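Rule-based calculations on the coordinates, nothing more; no lab input. Computed from a predicted model, the values in this text were never measured in an experiment. Don't worry about glycine lacking a Cβ; one is built from the backbone with ideal geometry, like all the others, and counts go over all protein chains shown.
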Amino acid sequence: MDMEKTLAASREIDVILGVCNYVQQSEEELNKLIELILKGEKKVGERASWVLTKLADTHPELISPYLNKLLSHLKNSANETINRNIIRCLENIDPEKTDQDLAFEICYQYFENKSNPIAVRVFAMSFLSKIALKYPEFREELILLIEDEMPYASPAFKSRGMKVLKLLKTPSGRH
C-alpha cells in the first residue's frame, strides 16, 4: 500500500480504518505513518494523525514507543489538527510510557492556553488527571485550575471537567 497516496486521495473512515489495520502489521509501516505525521504534506499529515488516534484507541501499546517524538513535535507545530490528534492519543496511554516531564509540560501548556480549541484542552486535561493521580501535590493544583474555569467554560469543558474533578476528588482516584 502506498500510504501517502491512499491518505491523499481519501478521508473516508473506511480508508482511515484500512490504513490503521495495515500499519498494525509492520513496525516499518508504523514508522512511515509517524513520518507522514511529522514531515508529510499538511493534508496527508492530518489524515495520518487521524489514523494514529484510531490506533491509539485499539492498540495504544503500538504507539507508546513514538510518544516522546510526537510530543516533542508539538513544541513547534502550528497544525491544530495534528496537535489535537496527538494529544487525543494520550487519553489511552499510561503516563509511565512517556517522558512524564515533557508530557506534563506540553499538556499543561495546552490546557492553560484558553485560546486553544476546547477539544485540545479537554484531551490535555484528561492526561493531566492521570499524572495528578500519581502525584498528589499536583492533584490539588489541577482541581483548582479546573474549578476556577468551570463557571465560564463551554459545555464540553464542563462535562469533562466534572468527570475529572470527580475522579481527582475520590480518595482512591477511582469511580
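Remarks
- Per-pair calculated FRET efficiency, R0 = 22 Å: Glu105 and Lys158 via Cβ, rounded to 0.05: 0.30
- Convex hull volume of the chain per residue (C-alpha atoms, cubic angstrom): 116 Å³
- Charged-residue dipole, Cβ positions (Lys, Arg, Asp, Glu), the range 1-93 about Cα centre, Debye nearest 20: 380 debye
- Packing-based order for 48-57, 131-140, 76-85, using average beta carbon neighbours within 10 Å, highest first: 48-57, 76-85, 131-140
- Distance violations [Cα-Cα > 28 Å] among Lys42/Lys134; Lys32/Lys114; Lys97/Lys163; Lys130/Lys158; Lys54/Lys75; Lys39/Lys166: Lys42/Lys134; Lys32/Lys114; Lys39/Lys166
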